[in-house]
Structures are given as C-alpha cells and as structure tokens.
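Written out below as structure tokens is the structure these notes cover.
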Amino acid sequence: MTELEEAYRRAAAFLRENDGFLLLTHVHPDGDALGSVLGMASILQKMGKRVVIAHEEEMPERFAYLPGIDRVVRVSELTGRFAVGISLDCADRRRLGRAAEALMPEARLLNIDHHATNDRFGAENLVDSGASATCQIVCRLAGLLEIPLRGDTAVCLYTGLFTDTGGFRYGNTTADVLRLAAEMIDGGLDPYPIALQAVETVTEKQLRLLSAALAGLRTAAEGRAAYITVTRNLLEETGTTVEDTQELVNYARNLAGVEVGLMFREEGENEVKVSLRSKHRVDVSGIAAQFGGGGHPRAAGCTVEGPLRQVIDRVMGVVAARIGRG
Ligand SMILES: [Mn+2]
C-alpha cells in the first residue's frame, strides 16, 4: 500500500470510528470548499453520524442551491466546542478563520485537501495533491465507505469537480474527474442547473464591476503578464463584495499572449490580496509562497502588506523575473 492509499484508509477509519463532527472549510468559500464540506456532511449523515458545519461568514448567494447549505451555522452562534473536526479544501489552519475557534484545543482534526502547499496541520492528514478538487478526494472516500454518489451527495460533489476544473476546461480536467461526473449523471444528476447557478449566472452589479475592472487592465513583461486592480472604492461604487471579484483574475489570464494573470484587491489601508493564475509553465504557487501565500501551480494567492501601488510593483517585479527565466 502506498503512503497515499494508507492516508485514504486512515481517513475512512477516522470517519467510521468517530461521531459528533464539526465540519469546516476556508474563508471566502468557493464551489469546491462548499461542495466538499456539504458532500462530506451528506455522506456522514448517510452513515448515521451527527454533523455540524460552521463558518465565520454568510454563505454566498451563488451556492444557495447546494443541499444542506441552510444548515451551515455562523460560528458566532455556536455555544459548545467540538472534540472531533474535519477541515476540507483548506491548506493551513489560518485559512479556517474564526470558525476554528469552535474546536476544543485538544480536538482531533482530520485535514482533507488537494493543495500541494498544505502544511498538514491535522492530527490525521489526507492531502492528495494529485486530485483536481477536494470533492474528488471526498468521492473516493465515499467509495471506500460504500456510500453511493447519488442525490444530494452528488449535487454537492459534482459542484466542486465542476468549479475547480473551470467547468471541465482547466489543465486539471482528468479522465477520473470526467468518469466521476459521468457516474453521477448516470445516477440521475442533472448537470445543467448546476452549471447555470454555480458559474453562468452573473448579477448586474457583477457586470458593472467587471466592466470597470477591465477598463483598468494593464499588461506587463512585454505582454506576457496582465493584471486587474480592484480598489475598495470600486467595490463601494458598484455595490459589490469580495465574493463578486473571484472570477476577475481569469480575464487577465485569458488574454492572448499572457502567461501569468493577476488580480490585486485592496483589503485594507495597508493590505492587498493578490490572486495569480498561469497558463502553461510558470508555477504561481511558488511566487505566492514567496509572499507568504500558497495554492496550486496554475492558481494561487497571497496577502501582501503595503499600499496598493507598492504591492503591485513588488509582485510584478517577481512575476516579470519568473517569466523572463523561462
Ligand atoms: Mn479546491
């Protein structure tokens, strides 16, 4: 048995042997974060286990269709503390935000994730960086636990497979991902409403934000890098939130001739959130790590201290050097 197979086996045993789970995922949750946390909750319920899901934020409107999302509790409303936890799609403990406070200090935590930069902060760690989505790892666990990928479980897990592969378009779209998707559709899942709600639908405010952000698009490194800037002012003017900015970075990446696309988003007076995407060869998780962040080779992020203009100059300097090195 390989080390990874052993990690799967141990994680399955952890799920079988424990009860009264607290399920957690990262702040600013995306489709894979919510799909994996709700898919796991659905699997555990089918096993007859008690589950609570906690988060520090309100749930994004885009994912309101996910079965069980109305059961996610604001961590501020929780009274008790939990002795058993599961973290999903989260590369380090800090990214769990304040929801981690609902765990007892001595709680046993199972860390399930697909980020290669995961620092293995759990008591048990199932980190499969070969997986395209955390939902793919949860699908495999469901197989080991003999829980079928049907109904609510499938809607949640399909969402993560679909969104983390950019709708089955990115370089991480593997035969295994497509087989799992096909298996769920064979089992009765309707993929079109999920695509419509998780990805296709945009609000008018989001389009106004996109329009303004695109007007400020800049290229660098002789057209091999491009970036979009989102100031706090812009969010205020368009009545949008951080959640509405998640897709913007792809417009910078998708520009013809660009290898690295970025978004710089002003978080505070002296703090800038940087999202990085690459097309073919630049490992942006390495660049993000240089600034205290992390992620995947083609999609990563970090938060950098300093005024917006200064952060752009510093990060673009590193990006240009990485592109130049070939
Ligand atoms: Mn993910």
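The values are calculated or read from the model by the stated rules, or taken from the named source; none is laboratory data. Quick caveat, the model's predicted, so the values are computed rather than measured. Quick reminder, even Gly has a Cβ in these numbers, built from the backbone with ideal geometry, and neighbours come from all protein chains shown.
Listed values, structure above:
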| read-out | value |
| --- | --- |
| Set Leu38, Leu15, Leu22: member being touching a residue at least 60 places away in the same chain (Cβ under 8 Å), in the same structural domain as Asp152 (by TED's automatic domain parsing) and within 16 Å of the ligand (Cβ to nearest atom) | Leu38 |
| Those residues of region 301-325 which are within 30 Å of Ala131 (Cβ to Cβ) and free of Cβ contacts under 8 Å to residues at least 40 places away in the same chain, in sequence order | Gly301, Cys302, Thr303, Val304, Val318, Arg325 |
| Within region 115-152, tally of residues that are within 13 Å of the ligand (Cβ to nearest atom) and of a type in the set (Asp, Glu) | 1 |
| Members of region 264-284 found to be touching a Ser or Thr at 6+ places or on another chain (Cβ under 6 Å) and touching a residue at least 40 places away in the same chain (Cβ under 8 Å), listed by number | Phe264, Glu266 |
| Scan of region 48-94 for residues that are within 16 Å of the ligand (Cβ to nearest atom), over 22 Å from Leu126 (Cα atoms) and of a type outside the set (D, E, K, R), ordered by number | Pro60, Phe63, Leu66 |
| Extreme residue, modelled with the lowest pLDDT, among residues of region 172-201 that are acidic (Asp, Glu) and in a helix (DSSP H, G or I) | Glu200 |
| Residue count, region 88-109 (criterion: surrounded by 18 or more Cβ atoms within 10 Å (Cβ to Cβ) and either without any contact (Cβ under 8 Å) to a residue 40 or more places away in the chain or among the aromatic types (Phe, Trp, Tyr) (or both)) | 1 |
| Selected residue [crowded, with 21+ Cβ neighbours inside 10 Å, in the same structural domain as Ala142 (by TED's automatic domain parsing) and within 18 Å of Thr159 (Cβ to Cβ)] from Gly31, Gly85, Gly68 | Gly31 |
| Ser132 exposed (fewer than 15 other Cβ atoms within 10 Å of the Cβ), out of contact with any Lys or Arg (no Cβ under 6 Å at 6 or more places or on another chain) and over 13 Å from Thr25 (Cα atoms) | no |
| Any pair with Cβ under 6 angstrom, 6 or more apart, that starts in region 208-227 at a residue that is exposed (fewer than 15 other Cβ atoms within 10 Å of the Cβ) and ends at one that is part of a loop (DSSP other than H, G, I, E, B) and of a type outside the set (Ser, Thr, Tyr) | Gly223/Gly257 |
| Failed item, numbered, when Ile112 is tested on (1) away from the ligand (no atom under 12 Å from the Cβ); (2) of a type outside the set (D, E, K, R); (3) buried (at least 24 other Cβ atoms within 10 Å of the Cβ); (4) within 28 Å of Ala289 (Cα to Cα) | (1) |
| Some residue of region 153-171 being in a strand (DSSP E or B), within 12 Å of the ligand (Cβ to nearest atom), charged (D, E, K, R) and within 23 Å of Glu247 (Cα to Cα) | no |
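Let's see how each residue does on (1) aromatic (Phe, Trp, Tyr); (2) buried (at least 17 other Cβ atoms within 10 Å of the Cβ); (3) closer than 21 Å to Arg298 by Cα:
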position	(1), (2), (3)
Asn125	no, yes, no
Ile137	no, yes, yes
Ala142	no, yes, no
Asp176	no, no, yes
Gly187	no, no, no
Leu196	no, no, no
